[in-house]
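What follows is a single structure, written as structure tokens, with notes after it.
Read the figures in this text as sums done on the coordinates, not as results from a lab. Predicted, not measured: the structure shown is a model, and the values here were computed from it.
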Amino acid sequence: MTSVRGGYRGGVSSTVPAPAPTGRPRPPRDAAEAAGPPRSAARRRGAPSYRWARRILWANLVAQIGIVVTGGVVRLTGSGLGCSTWPQCEPGQFAPVMHAELGWHPVIEFGNRTLTGVLGLLALATAWIVWRERHRARPYRVLGLVPLVGVLVQAVVGGITVLVELHPAFVGVHFILSMVLIAASAVLLRRHAEGDGPPQRRVTTRTWRLAVSLIPLTALMIALGVVVTGAGPHSGDLEIAQRLTLDPVAVSRLHAAAVWVYVAVLALVVAAIHRDRAPATARRAAWVLVGVTLAQGIIGYVQFFTGLPEVLVAAHMLGASLLVLAQGNQLLALRDRPVDHDGAAAARS
């Protein structure tokens, strides 16, 4: 079967075969695929496929969370000074030196430093992936550099932390920077699958503002949690037990109060999302955040009333990382970013 378009052009009949029905078309996987042919050209220049790009971005996010857990193991086992200097482990060599009196502490500390190197390679791959997508908006591409810059900053902060013998203030800064990098990596992963058009909210302005208010509350909870740790028995090395000169119980209660304020606002956000009849993805992201928050709260109370066992403290650190991840996904699920074809075309020209 044929269809006629435009009659005669220059004396030649313009006929083309009618397309055969192929069923429901597959939606584009990301902004680059939706933009069309330039994606194939980018692949010919050596850019990774969409699938491999997603794998690397996921690996970067998982490693950012993993480094928090391994860093917690270093602190909870008293291995923070297993390597006596930085960037070398011992004067004159990077590998750990085993001493009977130190046990496995040098190996644990050196293992955490090695994972930092792996994280640096993943951050470098992440930056390369994002900057190969030259048709994407500049803010997205700049975001792709944050993990790499963050790893470099973390390496410097970690070195200073060792040189000042694990002062709680520097240990806390080390942890907070990791939370920032987890949040940036989570946003980057989601932005990779979106377009660069103007954000389109799926909820009312009131609901959006209420959801945004959870961000500073999350930051407050984490900051107070760091202060609680710095004032408690797991503030640093077991032998050099520097602590913040604060009452651990009083700070813990202040931290708990901030958590309850967060829970109250989160309940209002969930109710507002359902009232606005937001899409299923937005409702699901909100309930995931509720689940992570409740689990984190239970772990926090149990560890407080059981004398802060190391296993629960490590689980609480992992929970903080997952809370930051879930919080970011919940907020981003409340809006869409379509493909900006005009912007993509201008970037290619």
Listed by chain and number, the residues whose amide H is under 5 Å from that of Leu334, excluding neighbours fewer than 5 places away on the same chain and using placed H, are none
For Arg277 and Arg138 in the same chain, what is the full-extension length gain: residue separation times 0.36 nm, less their Cα-Cα distance, in nm?
46.7 nm
By its C-alpha gyration tensor, with a ≥ b ≥ c as the square roots of the eigenvalues, how is segment 112-210 shaped: rounded for a/c under 1.5, else prolate for a/b larger than b/c, else oblate?
oblate
